[in-house]
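Participant: Can you keep this structure in mind? I'll have questions shortly.
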Amino acid sequence: MSARIVLFGATGYTGGRVAEEMVARGLRPVLAGRDPARLAALADRLGGLETATADVTDERSVAALVGQGDVLVSTVGPFLQLGRPAVAAAVGAGAIYLDSTGEPPFVRQVFEQHGPAAERAVATLLTAFGIDYVPGVLAGALALRDAGAAAVRVDVGYFITGAGRGQAFSRGTLRSVVGTAVEQSHAWRDGALRTEPAGARLRTFDVAGRPRPGVTVGGSEQFALPRLAPGLRTVDVYLGWFGAASQAVHLGSRVTPLLGRVPGAGRALAAVAGFVTRTASDAPSPEALAGMRSHVVAEVFDGTGTLLARTQMTAPDAYAFTARLLAWAAGRAAGHGVRGSGALDPVTAFGLDELTAGAAEAGLVTDLS
């Protein structure tokens with residue numbers, strides 16, 4: 001018998017897409033959020049699903065969503081501000097938790113702050129289970145398998161092409177990006193997790209026929225890949241969204257950490273975030289998403305800098321892929337469970353072969369050229 005699935009944040013843009021994909025897979029999630037009227041409308045449209053009202057400002061209402069063995073999927077962001085109650089609810093109940101975050105500081109919090117408590121409670125936390133950062137973990141794991149024991153460094157790059165005209169990101173995504181702008185990031189360097197500014201390093205990858213620059217960010221790869229290959233000394237994740245502006249982002253990384261120490265910087269950033277989100281729509285434009293492709297590259301090197309293995313993958317637009325992958329993972333976890341407790345990476349939780357198959361179902365294609 002499958003476990004109960006609860007989707008928290010169901011009426012948001014990402015949450016709505018996840019709900020649709022769950023129903024398309026034959027799942028019957030409980031739709032949870034703070035607006036009963038919007039929940040009821042969505043539940044009716046998707047065939048009469050159960051609903052539950054919960055608000056992150058009322059932690060008891062979030063805790064009441066799940067029981068032992070349930071699967072809680074959270075799309076409520078920005079996660080750095082709003083994500084903790086859902087994680088705490090899953091830990092308290094001994095449930096399986098998944099989320100759609102792409103915020104590096106929140107990823108680190110889940111692994112370092114909530115992971116030990118989750119292991120004691122026999123709960124499982126699977127953070128960043130979408131386009132950020134499952135493809136990079138998967139590509140890195142596959143490249144490491146090909147590279148063998150000589151691997152000491154992995155570089156992962158994320159790129160977007162063909163976004164077309166119009167707004168390519170939802171209001172929630174923009175809020176998350178702006179909200180983490182002055183937060184410190186992380187990297188795996190010299191065999192240990194290190195704190196460093198986002199953008200501290202810059203390099204190019206060959207993607208879609210030409211060199212594309214990217215700057216370093218934190219991800220879940222820095223937690224996942226050293227677990228899979230304990231001999232790794234360096235894991236870097238590069239974000240290639242900025243194109244020609246990547247050099248400026250890299251240079252700005254020297255200033256960004258100082259902003260967090262400036263009195264009033266948080267309020268100023270909140271004002272910027274408010275302006276950005278007021279001028280943005282809830283959903284990306286269909287024109288922007290229609291041609292969008294997400295590219296992920298993982299390259300593995302030995303101690304001399306020689307390239308040992310390379311894996312490149314392509315997915316449809318980020319929101320479609322994230323929704324499909326979360327729906328797959330929730331269904332798999334509910335029906336078959338996961339492999340372990342605590343804060344896990346996706347390969348450990350599902351196994352490399354199962355994750356590869358699930359990501360392929362969600363639209364991730366391995367480039368064999």
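Participant: Just the residues that are open to solvent by less than 60 Å² (accessible area, probe 1.4 Å), without any contact (Cβ under 8 Å) to a residue 60 or more places away in the chain and not in a helix (DSSP H, G or I), please, taken from segment 338-365.
Facilitator: Gly351, Ala362, Gly363
Participant: Can you give me the number of residues within segment 235-249 that are buried (at least 17 other Cβ atoms within 10 Å of the Cβ), touching a Lys or Arg at 6+ places or on another chain (Cβ under 8 Å) and not charged (D, E, K, R)?
Facilitator: Selection size over segment 235-249: 3.
So that you can scan it fast, the table gives a plain yes or no per residue for (1) buried (at least 24 other Cβ atoms within 10 Å of the Cβ); (2) on the phi < 0 side of the Ramachandran plot; (3) in a helix (DSSP H, G or I):
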| position | (1), (2), (3) |
| --- | --- |
| Phe106 | yes, yes, yes |
| Gly130 | yes, yes, no |
| Pro135 | yes, yes, yes |
| Ala139 | yes, yes, yes |
| Leu142 | no, yes, yes |
| Ala149 | no, yes, no |
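Participant: Let me ask something additional. Scan segment 52-77 for residues that are among the β-branched types (Val, Ile, Thr), in a strand (DSSP E or B) and free of Cβ contacts under 8 Å to residues at least 24 places away in the same chain and jot them down.
Facilitator: Once the filter is applied, which keeps residues that are among the β-branched types (Val, Ile, Thr), in a strand (DSSP E or B) and free of Cβ contacts under 8 Å to residues at least 24 places away in the same chain, segment 52-77 yields only Thr53.
Participant: Is there a residue being in contact with a Pro (Cβ under 6 Å, 6 or more places away or on another chain) and closer than 26 Å to Arg108 by Cβ anywhere in segment 43-58?
Facilitator: Checked against the condition, which is being in contact with a Pro (Cβ under 6 Å, 6 or more places away or on another chain) and closer than 26 Å to Arg108 by Cβ, segment 43-58 yields at least one hit.
Participant: Just checking, does segment 313-323 include any residue being modelled with pLDDT of 95 or more and in a strand (DSSP E or B)?
Facilitator: Yes, segment 313-323 contains a residue that is modelled with pLDDT of 95 or more and in a strand (DSSP E or B).
Participant: Checking Gly16 against (1) closer than 15 Å to Leu326 by Cβ; (2) touching a residue at least 60 places away in the same chain (Cβ under 8 Å): exactly one of these is not met. Which one?
Facilitator: (2)
Participant: Something else: I'd like to verify a number: residues in segment 10-28 that are out of contact with any Phe, Trp or Tyr (no Cβ under 7 Å at 6 or more places or on another chain) and closer than 15 Å to Tyr319 by Cα, how many?
Facilitator: Qualifying residue count, segment 10-28: 11.
Participant: With the requirement that a residue be part of a loop (DSSP other than H, G, I, E, B) and surrounded by 14 or more Cβ atoms within 10 Å (Cβ to Cβ), what does segment 36-51 give you?
Facilitator: Step one: filter segment 36-51 for residues part of a loop (DSSP other than H, G, I, E, B), giving 46-50.
Leu46, Leu49 - these are the residues of segment 36-51 that are part of a loop (DSSP other than H, G, I, E, B) and surrounded by 14 or more Cβ atoms within 10 Å (Cβ to Cβ).
Participant: A further question follows. For Gln109, only one of the following conditions fails: (1) touching a Lys or Arg at 6+ places or on another chain (Cβ under 9 Å); (2) touching a residue at least 60 places away in the same chain (Cβ under 8 Å); (3) not basic (Lys, Arg). What is its number?
Facilitator: That leaves (2) as the condition not met.
Participant: Can we say Asp302 is surrounded by fewer than 21 Cβ atoms within 10 Å (Cβ to Cβ) and either out of contact with any helix residue (DSSP H, G or I) (no Cβ under 8 Å at 6 or more places or on another chain) or touching a residue at least 24 places away in the same chain (Cβ under 8 Å) (or both)?
Facilitator: Yes.
Participant: Now a separate question. Quick check on my filter: what residues within segment 229-249 are in a loop (DSSP other than H, G, I, E, B), among the hydrophobic types (A, V, I, L, M, F, W, C) and at pLDDT 95 or above?
Facilitator: Ala229, Leu232
Participant: Restricting the search to segment 59-87, which residues are farther than 23 Å from Glu119 by Cβ and at pLDDT 95 or above?
Facilitator: Scanning segment 59-87 gives Arg60, Ser61, Ala64, Thr75, Val76, Leu82.
Participant: Can you tell me which residues in segment 114-128 are in a loop (DSSP other than H, G, I, E, B) and over 15 Å from the mean Cα position of the chain (by Cα)?
Facilitator: Listed by number, the residues that qualify are Ala121, Val122, Ala123.
Participant: Please count how many residues of segment 197-228 are open to solvent by 20 Å² or more (accessible area, probe 1.4 Å) and either of a type in the set (S, T, N, Q) or part of a loop (DSSP other than H, G, I, E, B) (or both).
Facilitator: So the answer is 7.
The values are calculated or read from the model by the stated rules, or taken from the named source; none is laboratory data. Worth saying up front: this structure is predicted, and the values here are computed from it rather than measured. A quick note on method: Cβ atoms are made from the backbone with ideal geometry, for glycine too, and the neighbour counts reach across all protein chains shown. Remember, those area values only see protein heavy atoms, side chains included, never the ligands or the DNA or RNA. Shrake-Rupley method; radii C 1.70, N 1.55, O 1.52, S 1.80 Å.
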